[in-house]
1. Contour minus end-to-end for residue 84 and residue 241, with contour as 0.36 nm per residue of separation and end-to-end as the Cα-Cα distance?
2. Check which residues have an amide H placed less than 5 Å from residue 131's amide H, if you skip close sequence neighbours.
3. What's the FRET efficiency of residue 56 with residue 211 using the Cβ-Cβ distance as r and R₀ = 51 Å, to the nearest 0.05?
4. Among 253, 41, 176, what is the fewest-to-most ranking by other Cβ atoms within 10 Å?
5. Could you pull out every residue, at least 5 positions away or on a different chain, whose amide H is within less than 5 Å of the one on residue 122? Hs are placed 1.01 Å off N in the peptide plane, and Pro or chain starts have none.
6. Run through the DSSP bridge list for segment 140-277 and note the antiparallel percent, rounded to the nearest 5.
7. Exposure proxy check: 328, 235, 125 ranked by fewest other beta carbons within 10 Å?
8. Just the C-alpha atoms of segment 265-323: what Rg/Rh do they give, with Rh taken as the Kirkwood radius?
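Derivation of every value follows stated rules applied to the coordinates shown; laboratory data play no part. Quick caveat: nothing in here was measured; it's all calculated off a predicted structure. Using ideal geometry, Cβ is built from the backbone for each residue, glycine included, and neighbour counts are taken over all protein chains shown.
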Amino acid sequence: MRIGILTGGGDCPGLNAVIRAVVRKGVKAHGHEFVGFRSGWAGVLDSSAVELTVDSTSGILPRGGTILGTSRTNPYKGDADGTELVRRGMERVGVDALIPIGGDDTLGVASRLAAVGVPVVGVPKTIDNDLNGTDVTFGFDTAVQIATDAIDRLHTTAESHNRVLVVEVMGRHAGWIACHAGMAGGADAILVPERPFDLDDVCDHLRARHARGRSFSIVVASEGAHPVEGALTTKGAQVDEFGHVRLGGIAAWLEREIEQRTGYESRMVVLGHVQRGGTPTAFDRVLATRYGVEAIDALSRGESGVMVSLRGTQVTTMPLAAALAEPKLLDPDLYATAEVFFG
Ligand code: F6P
């Protein structure tokens with residue numbers, strides 16, 4: 001087979017490790033050929049592709065980002081006949097099957113293609129860890145480690161200045177990064193999209209802490225966190241091709257409000273794309289490698305319309321349609337454990 005690989009959506013540490021694994025196993029064990037489409041689905045539509053070989057993918061395991069580039073291009077945007085456009089792009093490059101690596105948007109396209117007979121095996125990717133059907137996505141561990149390192153550093157400056165430090169981390173629909181990094185970094189409050197917060201309660205936690213003699217606090221907030229009676233904070237109303245608005249600004253709002261309500265000097269930090277940059281952790285390198293190997297094995301077995309998935313310690317496959325039906329939201333038990341340490 002001649003197989004096209006693409007990376008779509010936000011970049012994520014571990015993408016290159018998946019590409020390397022797919023090509024290495026696919027060439028050595030199955031005798032396949034590979035091309036990489038440039039910039040996600042955009043490369044399929046434009047037939048912009050590069051040959052991928054064992055040699056050309058050598059040395060990319062620890063490299064962040066994606067050697068193929070990425071985009072949020074949606075072949076089905078508006079009234080477009082996405083299936084026909086993708087089929088034509090594949091034909092021009094002589095590709096029989098696809099391995100898209102991406103989050104719910106990229107894999108949503110993959111699922112639609114598979115439903116009409118295009119051979120596709122997806123690989124789930126998101127630092128947000130909000131994809132159902134897999135216990136964890138690669139990139140999440142790296143993002144959590146980066147956020148935890150940042151919180152550790154912010155602790156010492158917060159303590160020196162007797163300040164409240166508000167840290168905004170990624171997480172549109174789910175607070176996995178906030179909860180894990182907040183727990184690992186000993187945050188005094190963690191605000192997540194799944195649990196709209198009452199700012200008076202948050203301020204009470206901080207006051208109680210100060211009353212116990214602590215002169216500083218750390219608040220971690222997902223970009224998608226919002227007050228009970230408030231909307232998401234966004235950067236304008238513009239949406240991408242999948243209809244998502246750009247989030248951001250909750251930490252700036254919290255900094256202002258907390259300082260006004262409590263009188264404690266406050267500062268905010270937005271970690272932003274630092275969380276997606278740089279080399280993957282060892283855990284993410286291994287997970288991405290296992291995903292890549294399973295993806296090419298599954299495609300070679302004749303599977304389609306599935307994505308690879310981690311269940312416990314086993315890497316397996318599951319139907320894309322089922323995996324994408326709902327986002328994977330934060331486990332309430334985990335949040336309850338984190339709450340023990342608030343205030
Ligand atoms: O990949 C998901 C994500 O990390 C979200 O948490 C965030 O809202 C989004 O990417 C930001 O993406 P960008 O600014 O790169 O388009």
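1. Net length gain for the segment: 54.7 nm.
2. Residues meeting the amide H criterion: 328.
3. 0.25
4. 253, 176, 41
5. 306, 307, 308
6. Once the DSSP bridges in segment 140-277 are tallied, antiparallel ones form about 10 percent.
7. Going from sparsest to densest Cβ surroundings: 235, 328, 125.
8. A ratio of 1.20.
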